[in-house]
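Since the structure comes first, as structure tokens, the remarks are kept for the end.
The values are calculated or read from the model by the stated rules, or taken from the named source; none is laboratory data. Because the structure is predicted, anything quoted here is derived from the model rather than measured. In this analysis, Cβ positions are derived from the backbone assuming ideal geometry, glycine residues included, and neighbour counts consider all displayed protein chains.
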Amino acid sequence: MSVEELMVIVREESLDAPVLYGVGDVHMNAVLLTRTDAQWQAWVSDERGGVMGRTLQTFDTESAALGYVLFKLRQVTPLRRKLAAWRS
């Protein structure tokens, strides 16, 4: 999977926008992807932008990391929407 393919799915499924390589809005339950040397790290952010629980995963390929980002977005987006509806 490429970044472009991921973003097509994000738009088609109306998922939250991920924070890819430092671009995007870091907030509670944001899904982030960074790269260091030859490894990619993906996680869900806590209320301070840090790593939530055990969500941090490390990958050897961008494609695998983007697959995890999509997996987490599909989990987080509905939960965030339910919480927002409950608060309003």
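Key figures for this structure:
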{"quantity": "Per-region count, the range 1-18, residues within 16 Å of Arg80 (Cα to Cα) and touching a Leu at 6+ places or on another chain (Cβ under 7 Å)", "calculated": "4"}
{"quantity": "Test for Ala64: is it under 24 Å from Ala84 (Cα atoms), among the small types (Gly, Ala, Ser) and at pLDDT 95 or above", "calculated": "no"}
{"quantity": "Residue match in the range 62-69 (condition: among the hydrophobic types (A, V, I, L, M, F, W, C) and out of contact with any Phe, Trp or Tyr (no Cβ under 9 Å at 6 or more places or on another chain))", "calculated": "yes"}
